[in-house]
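*Asks:* A single structure is presented below for examination.
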Amino acid sequence: MNTSIEDIQAVIENAAQKARSETSTEPEPEFTSHVKWPINCTVGPGLEGAIACESKVGFVNGAKGWLIYSGYDIFDLCAYSTYEEVSYLLLHGHMPNAAELKDYNARLVSYRSVNKTLRRLMSLGIEEMNAMASLRMGSNLMRQDFTHLDEITGRARPDDAIGADEDSIPMETPPKGEAHAIYEFKKRKKRAERSDSAEGLEACYHLIAGVASITAAIARTFQGKMPVEPDPELGHAANFLYMLTGKRPTPIEERVMDIALILHADHGMNASTFAAMVTASTLSDIYLSIGSGIAALSGPLHGGANEAVMIQLQKIGAPENANQWVEKRLSRKKKISGFGHRVYKAYDPRARILGPMAEMLVKGDADAERIFATAREVERSAGARFGAEKKIFPNVDFYSGIVYQTLGIRPEMFTPIFAVSRVAGWVARVHEYLQNNRIYRPRAMYSGSFNLKYVPIDKR
Ligand code: COA
């Protein structure tokens, strides 16, 4: 890779500049820190617009294209921080000082070795399975490494849950009008103190370190190679690359991976985060909750899109085929993977970083340059077809795969790598939510029949 850390920083600073200037006319967010309840909002299918919790972990402003982790801008974090600092920030709500970071790093290093989990996982014949399915099982099996959670005293107590039997209390206030709901989150006394315990946090650290090790071992197994033992001298991103490839990465490769991990670490109440939180809200344990997050992330509408993008670009083959491909796809009302977002109606800030980074990294590799040029042409052509008013832009998944390929990573591992990063957001939000837990329980509007009489099968 013929570039420098300073070049990478310059690319990110430039992307930040562009992001600020292009959305400067968008209004500032309505509420930015202290939340004033009740909040009146519009709710749509898929719980679009519904409020699932109050959180200090992170903030996405779709209109302005902002992504904030506990107060810090994603551009700054990508330019100057590390995944260790960022995951600490998400979990603890503040940047670590030198002593806190040293202690945290040592804990992550101590949790990198998940040999017991790997022995169990490998006995399941994962080479014939899908990588995300394997990772989901691996994260669930990690619980066995952490035996104190199996002791009765280590478990969350059912009386920590609040009002678990929702159907026995009067139903919620009906939405006002057709599409409006009023949200009132009353402050309650902290009940689930156990989640704040040292054991609760240790399990979060264990998962942040362990999901990376399991992902690397799965990648190796898929290639018919032995897993690589972690290297305690390396940082999180460098060690992950080392465990994936068996080679110690260059400082540039390490930096690229670190940035990729930072910018996928959290993203509001997305589907996989919500899935993890729903599982955790039943006071199931955090390993099973993260398993739910991994399962939700695997779908092509969510994290699975990064692998789909690469398949799509390889199918298109060359930039000169892009326009016709886009025309055909959109005229058949099919979606383009790596485009569009439920929240962003401005250019996704993560794609703003990954696009120019990919452009810089592919230089000198003819195949990678062709794939990148194809992606740029798809972006140009799709952008022209969608038009400015539709506000559909490339999302985080559009360029991430091209960046991973420059690190020698194969497409089947793109979505698991998303999980290696997002596990920080999942555990941070689960940990935060459990401090004032309420079991998730939305409702469905019943539109089925009543009073049907049972007919024996031979009379139907
Ligand atoms: N390609 C083509 N059209 C798209 C599109 C895409 N990737 N994403 C959205 N649209 C269009 C839809 O066809 C729809 O058009 P219409 O109003 O004419 O029917 C409109 O934009 C709204 O789409 P919808 O799917 O309802 O938006 P959403 O908010 O529910 O969906 C996604 C968000 C991410 C699920 C959606 O953009 C998508 O499926 N993208 C592709 C998968 C992907 O990249 N996922 C990763 C997300 S980080």
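*Asks:* For a quick check of your reading of the filter: which trypsin sites (Lys or Arg not before Pro) in region 324-392 sit in a DSSP loop and have no more than 12 other Cβ atoms within 10 Å?
*Replies:* Answer in residue order: ARG332, LYS333, LYS334.
*Asks:* Given the -39500 (n - 2.57) contribution per DSSP H run of 4+ residues, what per-residue ellipticity at 222 nm results for the chain, rounded to the nearest 500 deg cm²/dmol?
*Replies:* -16000 deg cm²/dmol
*Asks:* With θ set to phi - 60° and the Karplus curve 6.51 cos²θ - 1.76 cosθ + 1.60, what are the ³J(HN,Hα) couplings of region 63-79 in order, to the nearest whole Hz, using x for Gly and Pro?
*Replies:* Taking θ as phi minus 60°, the curve returns 6, 9, x, 9, 9, 10, 10, 6, x, 9, 6, 4, 5, 5, 5, 5, 6 Hz for region 63-79.
*Asks:* Write down the accessible area per residue of the chain in Å², having rolled a 1.4 Å probe over the full set of protein chains.
*Replies:* Ligands and nucleic acids excluded, the figure is 49 Å² per residue.
*Asks:* Normalised radius of gyration for region 22-61, please: alpha carbon Rg relative to 2.2 N^0.38 Å, two decimal places.
*Replies:* Here the answer is 1.37, to two decimals.
*Asks:* For region 372-384, what does the Karplus curve 6.51 cos²θ - 1.76 cosθ + 1.60, with θ = phi - 60°, yield as ³J(HN,Hα) per residue in whole Hz, taken in order and with x for Gly and Pro?
*Replies:* Listing the rounded values in order: 5, 4, 5, 4, 4, 6, 4, 4, 5, 5, 5, x, 5 Hz.
*Asks:* Going down the table (LYS18/LYS333; LYS333/LYS391; LYS116/LYS225; LYS18/LYS363; LYS56/LYS334), which pairs top 26 Å between alpha carbons?
*Replies:* LYS18/LYS333; LYS56/LYS334
*Asks:* So, one more: Express the Stokes-Einstein translational diffusion coefficient of region 243-297 in µm² s⁻¹, to the nearest whole number, given a Kirkwood radius over alpha-carbon pairs, 10 °C and a viscosity of 1.306 mPa s.
*Replies:* 122
*Asks:* Counting only Cα, what are the radius of gyration and maximum Cα-Cα distance Dmax of region 301-449, in Å?
*Replies:* 18.2, 64
*Asks:* To continue, here is another question. Compute the Cα gyration tensor for region 359-422, then decide on rounded, prolate or oblate, letting a ≥ b ≥ c be the square roots of its eigenvalues: rounded whenever a/c is under 1.5, prolate when a/b is larger than b/c in the other cases, and oblate in all that remain.
*Replies:* Oblate, because a/c is 1.5 or more while a/b does not exceed b/c.
*Asks:* Now for a different question. For every other residue with a beta carbon closer than 11 angstrom to the beta carbon of ALA428, add +1 if it is Lys or Arg and -1 if Asp or Glu, then tell me the sum.
*Replies:* Taking every Cβ under 11 Å from that of ALA428, the sum is +1.
*Asks:* If amide hydrogens are placed 1.01 Å from N in the peptide plane, which non-local residues have theirs closer than 5 Å to the one on ALA63?
*Replies:* Amide H neighbours of ALA63, under 5 Å, 5+ apart: LYS345.
*Asks:* Once you list every other residue whose beta carbon is under 13 Å from the beta carbon of VAL278, what net charge do they have if Lys and Arg are +1 and Asp and Glu are -1?
*Replies:* Computed value for this residue: +3.
*Asks:* Taking each pair of distinct Cα atoms in region 1-121 once, what is the resulting Kirkwood hydrodynamic radius in Å?
*Replies:* Mean inverse Cα-Cα distance, inverted, gives 17.9 Å.
*Asks:* Percent relative contact order of the chain, based on C-alpha pairs within less than 8 angstrom and at least six residues apart?
*Replies:* Answer for the chain is 24 percent.
*Asks:* Oh, and also: List the trypsin sites (Lys or Arg not before Pro) in region 32-119 that DSSP assigns to loop (not H, G, I, E or B) and whose Cβ has at most 10 other Cβ atoms within 10 Å. Which are they?
*Replies:* Passing sites in region 32-119 are LYS36.
*Asks:* Which one of ILE392, VAL43, THR279 has its Cα pushed farthest toward the positive end of the charge dipole of the chain, where Lys and Arg give +1 and Asp and Glu give -1 at the Cβ?
*Replies:* VAL43
*Asks:* If you consider only alpha-carbon coordinates, what radius of gyration and Dmax does region 267-330 have, in Å?
*Replies:* 17.1, 53
*Asks:* Moving on. Rounded to the nearest percent, how much of the accessible area of the chain (1.4 Å probe, protein heavy atoms only) is carbon and sulfur?
*Replies:* Carbon and sulfur together cover 53 percent of it.
*Asks:* Ratio of the chain's C-alpha Rg to 2.2 N^0.38 Å, to two decimals?
*Replies:* 1.01
*Asks:* Which order do the peptides 252-263, 401-412 come out in when sorted by mean C-beta neighbours inside 10 angstrom, highest first?
*Replies:* So the peptides 252-263, 401-412, ranked by packing, come out 252-263, 401-412.
*Asks:* Tell me which residues come under 5 Å, amide H to amide H, from PHE339 once H is placed; ignore anything under 5 positions away on its chain.
*Replies:* Counting only residues 5 or more places away or on other chains, the set is ASN395.
*Asks:* Same structure again: Quick one: if you take sqrt(5λ) for each eigenvalue of the C-alpha gyration tensor of region 54-105, what semi-axes come out, biggest first, whole angstrom?
*Replies:* 22, 13, 6
*Asks:* Would you kindly derive the ³J(HN,Hα) couplings of region 37-53 from the backbone phi angles with the Karplus curve 6.51 cos²θ - 1.76 cosθ + 1.60 (θ = phi - 60°), listing them in order in whole Hz, with x for Gly and Pro?
*Replies:* 8, x, 10, 9, 8, 9, 10, x, x, x, 6, 3, x, 5, 9, 9, 5
*Asks:* Something else: If Lys and Arg each add +1 and Asp and Glu each add -1, what is the summed charge of the other residues whose beta carbon sits under 14 Å from the beta carbon of LEU234?
*Replies:* Here the charged neighbours net out to -3.
The values are calculated or read from the model by the stated rules, or taken from the named source; none is laboratory data. None of the values given here were measured: they were computed from a predicted structure. We place every Cβ from the backbone using ideal geometry, glycine too, and count neighbours over all the protein chains shown. In case anyone asks, the SASA skips ligands and DNA or RNA and just uses the protein heavy atoms, side chains included. Shrake-Rupley method; radii C 1.70, N 1.55, O 1.52, S 1.80 Å.
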